[in-house]
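Report on one structure; see the data block that follows.
Every read-out reported here was derived from the displayed coordinates using simple, explicitly stated rules and does not represent laboratory data. Since we're looking at a predicted model, the values are computed, not measured. Every residue, glycine among them, receives a Cβ derived from its backbone with ideal geometry; neighbour counts consider all protein chains shown.
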Amino acid sequence: MEIFRARPENAAILTEVAFAAKRHWGYPESWIKRWTDALTLTPGYIEANPTFAASIDEQIVGFYTLQFHATEAHLDHLWVLPSAMRCGIGRALFKHAEQTARAAGATSLKIEGDPHAEGFYRRMGAVMCGQRAAPMDDQARFLPLLEKAL
């Protein structure tokens with residue numbers, strides 16, 4: 001596996017990875033459509049935010065992006081293709097994100113995760129610091145807010 005800085009021309013494949021990973025959790029297609037803007041990466045977004053992709057045999061299988069606010073880094077995306085899950089790719093991307101954030105001077109990594117990913121982030125050493133209400137179709141739903149000191 002290789003982790004490399006994504007380029008603007010990777011936007012379409014990174015978007016495909018994000019959609020495939022989100023669909024993996026069995027969300028209704030109507031919800032997926034409502035999340036289109038949040039799951040779509042544009043060339044401009046990739047240029048403006050550190051974005052790194054993981055590839056195996058030259059195929060992109062996952063990626064992450066960071067946004068910075070003072071000494072805080074925010075993990076804006078971390079997605080792995082379902083066919084590549086549970087192979088250590090998410091762990092490698094998270095560790096790479098930590099290193100990237102540290103190198104940029106961040107002292108903490110903030111995460112607003114999907115509820116299905118909370119366990120992964122806890123295993124990576126992040127701790128819960130709250131939750132954000134994110135109801136869908138009148139169903140109560142909460143996104144975990146996590147943080148990891150760097």
Where a ≥ b ≥ c are root eigenvalues of the Cα gyration tensor, a/c under 1.5 meaning rounded, otherwise prolate if a/b exceeds b/c and oblate otherwise, the chain counts as rounded
Here FRET efficiency (C-beta to C-beta, residue 13 to residue 72, R₀ 25 Å, nearest 0.05) is 0.30
Quick calc, the range 2-107, dipole around Cα centre from Cβ unit charges on Lys, Arg (+) and Asp, Glu (-), nearest 20 debye, gives 300 debye
Ranked output for segments 19-30, 74-85, 114-125 by mean other Cβ atoms within 10 Å, highest leading, reads 74-85, 114-125, 19-30
Of the listed pairs 33/148; 22/95; 33/110, those with alpha carbons more than 23 Å apart are 33/148; 33/110
Taking Cα pairs closer than 8 Å and at least 6 residues apart, the relative contact order of the range 2-107 in percent is 27 percent
Sorted on mean Cβ neighbours within 10 Å (highest first), peptides 130-143, 4-17 come out as 4-17, 130-143
